[in-house]
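What follows is a short report on a single structure.
The values are calculated or read from the model by the stated rules, or taken from the named source; none is laboratory data. In this text, all values refer to a predicted model and were calculated from it rather than measured experimentally. Neighbour counts are summed over all protein chains in view; Cβ atoms, including those assigned to glycine, are modelled from backbone coordinates with ideal geometry.
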Amino acid sequence: MENPTFTTIVPGVEDQSFPNFPEAFRCFWASVMLLLNTGNTARQTLETACWIEGHFENCVGRMTFIPAKEIAYDLGILIGNGDLREPLPEVNTFDIEFAFVQCMNETASAMLASAVRLAAVEGEDVSG
């Protein structure tokens with residue numbers, strides 16, 4: 001089984017790859033905080049243009065800012081008011097892959113719900 005890799009995607013910052021989620025999140029968090037400190041970053045930018053990409057043996061997943069922040073707190077990577085724990089804790093690869101799969105499921109569900117609403121507005125029968 002191959003080890004996963006993680007790539008950070010933040011506007012205005014060169015994409016970077018890391019061998020584990022804690023290191024990727026450290027870079028991601030610093031890049032997002034820098035973006036926020038410019039003072040003109042919309043929440044939509046955080047939710048649609050900033051993510052960590054997880055490359056696993058059987059899938060590639062995307063975790064945007066809010067879920068990434070939540071999982072970082074859950075795993076003890078972030079503590080208090082957004083401080084990074086140093087040294088970074090080691091995390092179980094299965095837990096990270098599971099979190100990425102959950103994000104993919106939530107994204108797919110949201111996209112399906114949007115498609116159903118759009119079809120209903122356009123008068124299409126979506127009852128199955």
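Looking across 64, 48, one residue alone is modelled with pLDDT under 95 and touching an Asp or Glu at 6+ places or on another chain (Cβ under 7 Å). It is 64. Cβ-Cβ contacts under 6 Å between residues 6 or more apart (or on different chains), taken from a first residue in region 70-81 that is under 14 Å from residue 28 (Cβ atoms) and of a type outside the set (Phe, Trp, Tyr) to a second residue that is at pLDDT below 95 and part of a helix (DSSP H, G or I), are listed as 71/99. If the condition is being among the small types (Gly, Ala, Ser) and under 18 Å from residue 8 (Cα atoms), then region 89-116 contributes only 99. Exactly one residue among 86, 53 is charged (D, E, K, R), at pLDDT 95 or above and under 18 Å from residue 12 (Cα atoms), and that residue is 53. Those helices (runs of 4 or more DSSP H) of region 32-123 in which 3 or more residues are of a type in the set (Gly, Ala, Ser) and more than 22 Å from residue 4 (Cα to Cα) occupy 93-121. Of everything in region 49-73 that is farther than 14 Å from residue 21 by Cα and in contact with a strand residue (DSSP E or B) (Cβ under 8 Å, 6 or more places away or on another chain), the residue that is surrounded by the fewest Cβ atoms within 10 Å (Cβ to Cβ) is 49.
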